[in-house]
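The values are calculated or read from the model by the stated rules, or taken from the named source; none is laboratory data. Everything numeric in this text was worked out from a predicted model, so none of it was measured. Cβ placement follows ideal geometry from the backbone for every residue including glycine, while neighbour counts extend to all protein chains displayed. Please note that ligands, DNA and RNA were not included when accessible areas were found on the heavy atoms of the full protein model with its side chains. Shrake-Rupley method; radii C 1.70, N 1.55, O 1.52, S 1.80 Å.
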Amino acid sequence: MIRTATAADVPVIHAMIRELAAYEKAPDEARATEAQLREALFGERPAAYAHVAETDDGEVAGFALWFLNFSTWRGVHGIYLEDLYVRPERRGGGHGKALLTELARICVERGYERLEWSVLDWNEPSIAFYRALGARPQDGWTVFRLTDGELAALGAPGA
């Protein structure tokens, strides 16, 4: 079952974010706290949204955390999927596909024309899974990011 996350899901979503960071070989980079996550998802002005996949016995098996983006070329919003994660012992049960299906449904219902995400180039199981759903890599594009000291330097007054 897929459902919209609630504030009560924050601890398990936070735990799974830490699991995902460990899987992606970057455990020290996942610094978000439960309080930050709660504010981002359920504060006065939510910046992101989440859905969870539940097993028949009510256990949260995975989550999708997403936010809206905007295409200047298409003139409409889309969904950017920040994280999709299913716990290893629950993989193969259809939870990942069900989460992506729900996000695709939201796109169609709201007139959004894109559902996008990034995947590490070494993550062959995920790449194969996404391709099997009909997703295509965006060849020719490279993701750039500013963080930490470089972001502070560029954003400093007078930079």
Next on the checklist: Cβ-Cβ under 9 Å, sequence separation 6+ or interchain: first residue in the stretch 135-159 and assigned to a helix (DSSP H, G or I), partner open to solvent by 100 Å² or more (accessible area, probe 1.4 Å). Which pairs?
Outcome noted: Leu151/Arg145
Checklist outcome for this item: Of the residues in the stretch 59-98, those that are over 18 Å from Val119 (Cα atoms), open to solvent by 20 Å² or more (accessible area, probe 1.4 Å) and hydroxyl-bearing (Ser, Thr, Tyr) come to Thr72
Item to check | Leading residue by the ranking (nearest to His51 (Cα to Cα)) among those in the stretch 99-112 that are assigned to a helix (DSSP H, G or I) and open to solvent by 30 Å² or more (accessible area, probe 1.4 Å) | outcome: Glu102
Next on the checklist: Return the residues of the stretch 101-121 that are modelled with pLDDT under 95 and more than 16 Å from the chain's Cα centre (by Cα); say none if nothing qualifies.
Outcome noted: Asp121
Item to check | Test: residue in the stretch 40-47 that is under 13 Å from the mean Cα position of the chain (by Cα), in contact (Cβ under 8 Å) with a residue 12 or more places away in the chain, loosely packed, with under 15 Cβ neighbours inside 10 Å and at negative phi | outcome: yes
Checklist entry - Would a scan of the stretch 3-16 turn up a residue that is open to solvent by 30 Å² or more (accessible area, probe 1.4 Å), free of Cβ contacts under 8 Å to residues at least 24 places away in the same chain, in a helix (DSSP H, G or I) and among the aliphatic types (A, V, I, L, M)? => result yes
